[in-house]
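**Student:** Mind having a look at this structure? Questions to follow.
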Amino acid sequence: MTAKQTIESGKAILGIEFGSTRIKAVLIDEENKPIAQGSHEWENQLVDGLWTYSIEAIWYGLQDCYADLRANVRKDYDTEIEILAGIGISAMMHGYMAFDANKEILVPFRTWRNTNTGKAAAALSELFVYNIPLRWSISHLYQAILDNEEHVSSIKFLTTLAGYIHWQLTGQKVLGIGDASGMIPVDPETKDYSAEMVQKFDKLIETKGFPWKLLDILPKAITAGENAGFLTEEGAKRLDISGHLKPGIPLCPPEGDAGTGMVATNAVRQRTGNVSAGTSSFSMIVLEKDLSKPYEMIDMVTTPDGSLVAMVHCNNCTSDLNAWVNLFKEYQQLLGIPVDMNEVYGKLYNNALNGDTDCGGLISYNYISGEPVTGLEEGRPLFVRSASDKFTLANFMRAHLYASVGVLKIGNDILFKEEKVKVDRITGHGGLFKTKGVGQRILAAAINSPISVMETAGEGGAWGIALLAAYMVRNEQKLPLDEYLDKVVFAGDAGVEIAPTPEDVEGFNKYIENYKACLGIERAAVDCKK
């Protein structure tokens with residue numbers, strides 16, 4: 001069947017993911033290959049000290065992204081999307097979206113990027129004897145309670161961005177278990193919210209007299225493969241404002257970007273892992289057993305089918321690195337040389353590999369925003385060197401590449417060195433790996449583990465959520481998710497692997513010791529308000 005026939009016969013599947021800087025739509029065929037794409041660029045806003053995206057921006061972005069997909073389908077295949085076999089919605093994880101009885105949002109969407117929830121997260125971590133990160137929905141909710149925010153008593157529904165979009169398209173208040181595990185911890189045995197922690201939270205806020213208990217306002221947690229509702233007539237009109245898309249299409253459980261990243265890299269099986277490195281970065285290691293104790297740097301979430309995952313999440317990754325690369329672009333423009341950004345990145349990244357393995361003593365702190373792993377509630381991008389350091393272009397770029405995964409290394413050192421976690425395969429995906437071999441080699445040195453990159457990993461989370469929709473509607477053999485991905489989607493494709501060299505590992509270790517020793521400089525910069 002050709003791509004056009006797949007679309008016209010209604011057998012294509014749509015995946016949409018709301019990333020930090022781009023909303024992306026991917027249409028896949030019956031062999032799970034992308035046949036059309038659409039996108040919309042957007043950016044978060046700092047409003048009243050909190051990072052947010054407006055409801056208007058969310059819907060305009062979704063509709064523009066889908067319209068771009070439609071336009072590309074018409075251009076490439078001279079046909080229209082009328083019906084689909086399935087749809088999946090994914091978005092950046094966690095955060096806080098609270099709605100009242102009229103389905104109106106009570107306060108602007110508070111994204112994962114906010115770090116104002118320190119008091120709540122610390123209190124809940126102690127109460128639950130479990131690490132509760134700043135960005136989790138329960139941290140935002142409890143912080144709002146601690147701050148005596150008036151809206152809390154009016155909450156009828158609390159969800160994530162993926163859960164919100166799914167609810168509006170289907171009418172169903174559900175959430176994939178991976179994303180749900182970032183609202184409040186889930187129990188891997190029951191595949192549901194931790195009954196013990198829910199009870200503890202309800203008791204904690206009992207004296208407040210709210211007209212709800214926690215489970216009253218949370219979406220129902222469901223696992224990969226379950227039906228999560230159907231596109232309603234109203235939902236179809238909201239997604240496709242041209243009116244061509246018909247209702248009745250099944251939707252899979254909405255998931256967070258961490259879960260779709262695991263799917264897109266075939267890393268849902270125990271003893272596998274993946275690293276996503278773009279605007280932010282995170283590693284996901286699927287565990288064979290629970291960790292020996294809670295760690296503030298490590299979040300415990302789940303795969304889309306409910307296996308326990310150790311997640312190290314870093315708010316900052318390539319944004320500062322990209323800003324420096326743009327300076328070199330401006331210099332090239334001043335010289336009157338035509339700019340090809342792929343070439344600029346390629347030259348600078350590859351040249352970084354000629355630098356000293358410890359970056360000659362140079363240090364970069366890429367903190368555009370706060371970084372909870374290193375205890376910073378705010379960030380100031382800094383480049384640090386002493387007069388005796390080896391200040392070369394290669395070392396300069398290498399220091400920024402190291403910085404992009406430096407915080408990730410600090411968290412993963414706990415897993416591999418202290419908890420002795422075993423991993424058979426780690427796969428990288430995201431913008432850091434776009435220049436072939438460089439980001440891969442840097443990450444391998446950082447976590448002292450071979451790193452694989454697949455050609456398909458560049459398809460990202462929109463492809464990952466499309467695969468989860470395919471798993472729901474096409475899994476006739478009723479295979480577990482890990483087997484379905486192994487046998488049906490990837491069929492033995494393990495990607496291209498790069499192993500760390502002893503020299504790179506030693507150099508990165510030296511860099512990270514300097515990095516940790518000089519964190520006081522970053523803290524001083526944050527304290528020096530400007």
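The values are calculated or read from the model by the stated rules, or taken from the named source; none is laboratory data. Just so we're clear, the structure is a prediction, and the values are computed from it rather than from any experiment. Neighbour counts are summed over all protein chains in view; Cβ atoms, including those assigned to glycine, are modelled from backbone coordinates with ideal geometry. For the accessible areas, the whole protein counts, side chains as well, though only heavy atoms, and no ligand, DNA or RNA atoms are used. Shrake-Rupley method; radii C 1.70, N 1.55, O 1.52, S 1.80 Å.
**Student:** Do any of Lys156/Lys529; Lys347/Lys417; Lys329/Lys436; Lys422/Lys510; Lys4/Lys436 go past 27 Å between their Cα atoms, and which?
**Tutor:** On the way: Lys156/Lys529 38 Å; Lys347/Lys417 34 Å; Lys329/Lys436 20 Å; Lys422/Lys510 24 Å; Lys4/Lys436 32 Å.
With Cα atoms farther than 27 Å apart: Lys156/Lys529; Lys347/Lys417; Lys4/Lys436.
**Student:** At a Förster radius of 35 Å, what calculated FRET efficiency corresponds to the Cβ-Cβ distance of Ala524 and Thr21, to the nearest 0.05? Don't skip to the end; give the middle numbers.
**Tutor:** Details: r = 30 Å, r/R0 = 0.85.
My answer for the efficiency is 0.75.
**Student:** Also, I was wondering about something else. Nearest 5 percent is fine: what portion of the DSSP beta bridges confined to segment 1-138 is antiparallel? Intermediate values should be presented prior to the final figure.
**Tutor:** Details: 18 of 24 bridges.
About 75 percent, rounded to the nearest 5.
**Student:** Evaluate the distance, in nm, between pseudo-label points positioned 7 Å from the Cα of Lys200 and of Phe416 along their respective Cα→Cβ axes.
**Tutor:** So the label points at Lys200 and Phe416 sit 3.1 nm apart.
**Student:** Projected onto the charge dipole of segment 242-371 (+1 at Lys/Arg Cβ, -1 at Asp/Glu Cβ, origin at the Cα centre), which of Val339, Ala258, Asn354 gives the Cα projection farthest towards the positive end?
**Tutor:** Towards the positive end, the residue furthest out is Ala258.
**Student:** Another question, if that's okay. Highest first, please rank the peptides 333-344, 270-281 by the mean number of other Cβ atoms sitting within 10 Å of their residues. Before the final figure, lay out the partial values.
**Tutor:** Values: 333-344: 9.9, 270-281: 24.0.
Highest to lowest by the protection proxy: 270-281, 333-344.
**Student:** Could you give the length gained by full extension between Asp100 and Ala323, i.e. 0.36 nm per residue of separation minus their alpha carbon distance, to one decimal place? Can you show the working numbers first?
**Tutor:** Working: separation 223, 0.36 × 223 = 80.28 nm, distance 4.02 nm.
Taking Asp100 through Ala323 to full extension adds about 76.3 nm, to one decimal.
**Student:** Still on this structure, please answer the following. Can you give the Kirkwood hydrodynamic radius of segment 284-370 from its Cα pairs, in Å with one decimal?
**Tutor:** The Cα-based Kirkwood calculation yields 16.7 Å.
**Student:** Of the peptides 318-328, 212-222, how do they stack up when ordered by the mean number of other Cβ atoms within 10 Å, highest first? Walk me through the numbers on the way to the answer.
**Tutor:** Working: 318-328: 17.2, 212-222: 18.7.
Top of the packing list down: 212-222, 318-328.
**Student:** Further question: Take Asp216 and Asp340, extend 7 Å from each Cα along the Cα→Cβ direction, and tell me the distance between the two endpoints in nm.
**Tutor:** Inter-label distance under the simple model: 6.2 nm.
**Student:** Just add up the charged neighbours of Glu82: K/R +1, D/E -1, any other residue whose Cβ is under 11 Å from the Cβ of Glu82. Mind dumping the intermediate values first?
**Tutor:** Values: positive: Arg70, Lys246; negative: Glu8, Glu80, Asp240.
That sum, taken over residues with Cβ under 11 Å, equals -1.
**Student:** Given charges of +1 on the Cβ of Lys and Arg and -1 on the Cβ of Asp and Glu, with all other atoms neutral, how large is the dipole of segment 352-413 about its Cα centre, in debye to the nearest 20?
**Tutor:** Values: 5 positive and 7 negative charges, 43 e Å.
Result for segment 352-413 is approximately 200 debye, rounded to the nearest 20.
**Student:** Computing the accessible area with a 1.4 Å probe over protein heavy atoms, can you report the carbon and sulfur percentage for segment 153-231? Walk me through the numbers before you get to the answer.
**Tutor:** On the way: 1500 of 3200 Å².
About 47 percent, which is the carbon plus sulfur part of the accessible surface.
**Student:** Using the Cβ atoms and a cut-off under 15 Å, what net charge is assigned to the surroundings of Trp51, where Lys and Arg are +1 and Asp and Glu are -1? Walk me through the numbers before you get to the answer.
**Tutor:** On the way: positive: Arg110, Arg113, Arg135; negative: Glu43, Asp48, Glu371, Glu377, Glu378.
For residues surrounding Trp51, the net value is -2.
**Student:** I want to make sure I understand the PRE zone here: with the label point 7 angstrom from the Cα of Asn351 toward its beta carbon, which residues in segment 372-406 have backbone N atoms less than 20 Å away?
**Tutor:** Label zone hits: 383-385, 389-404.
**Student:** Can you list residues whose amide H is under 5 Å from Leu106's amide H, if they're 5+ apart or on another chain and H is modeled 1.01 Å from N?
**Tutor:** Counting only residues 5 or more places away or on other chains, the set is Ala98, Phe99, Asp100.
**Student:** Also, quick follow-up: Please give the Cα centre distance for segment 173-209 versus segment 26-83, rounded to the nearest Å.
**Tutor:** Cα centres, segment 173-209 to segment 26-83: 32 Å.
**Student:** Please list 59-70, 253-264, 464-475 highest first by mean number of surrounding beta-carbon atoms within 10 Å per residue.
**Tutor:** Numbers: 59-70: 19.2, 253-264: 31.9, 464-475: 25.5.
The packing order, highest mean first, is 253-264, 464-475, 59-70.
**Student:** Another question, then. Kindly sort Tyr367, Tyr345 by accessible area of their heavy atoms, largest first, with the probe set to 1.4 Å.
**Tutor:** Numbers: Tyr367 0, Tyr345 45 Å².
In descending accessible area the options line up as Tyr345, Tyr367.
**Student:** Here is a further query. Counting helices only, and only those DSSP H runs with n ≥ 4, report the 222 nm mean residue ellipticity of the chain as the sum of -39,500 (n - 2.57) divided by its residues, in deg cm²/dmol to the nearest 500.
**Tutor:** On the way: 18 runs with 196 residues, N = 530.
Dividing the helical sum by the residues of the chain leaves -11000 deg cm²/dmol.
**Student:** Apply 1/(1 + (r/R0)^6) to the Cβ-Cβ distance of Gln45 and Gln477, taking R0 = 45 Å, and write down the FRET efficiency to the nearest 0.05.
**Tutor:** Details: r = 46 Å, r/R0 = 1.03.
Computed FRET efficiency for Gln45 and Gln477 comes out at 0.45.
**Student:** A further question follows. So, for the chain, what is the accessible surface per residue at a probe of 1.4 Å, expressed in square angstrom? Write out the running numbers ahead of the final one.
**Tutor:** On the way: 21330 Å² over 530 residues.
I get 40 Å² per residue for this part.
**Student:** If you don't mind, another one. Could you tell me the calculated FRET efficiency between Asp290 and Ile241, based on Cβ-Cβ distance and R0 = 41 angstrom, to the nearest 0.05? Spell out each step's value before the answer.
**Tutor:** Working: r = 47 Å, r/R0 = 1.14.
After rounding to 0.05, the efficiency reads 0.30.
**Student:** With an 8 Å cut-off on Cα pairs and a minimum separation of 6 or more residues, tell me the relative contact order of segment 349-447 in percent. Walk me through the numbers on the way to the answer.
**Tutor:** On the way: 113 pairs, mean separation 29.7, N = 99.
Result for segment 349-447 is 30 percent.
**Student:** What distance in nm separates the two pseudo spin-label positions at Lys390 and Asp147, each 7 Å out from Cα along the beta-carbon direction?
**Tutor:** Placing both labels 7 Å along Cα→Cβ, they lie 4.8 nm apart.
**Student:** What's the local net charge at Asn350, with K and R +1, D and E -1, over the other residues with C-beta under 14 Å away?
**Tutor:** Details: positive: Lys347, Arg398, Lys434, Lys436, Arg441; negative: Glu343.
Counting the neighbours of Asn350, the net charge comes to +4.
**Student:** Please figure out what share of the DSSP beta bridges in the chain is antiparallel and state it in percent, rounded to the nearest 5. It would help to have the intermediate numbers written out before the result.
**Tutor:** On the way: 46 of 65 bridges.
Close to 70 percent.
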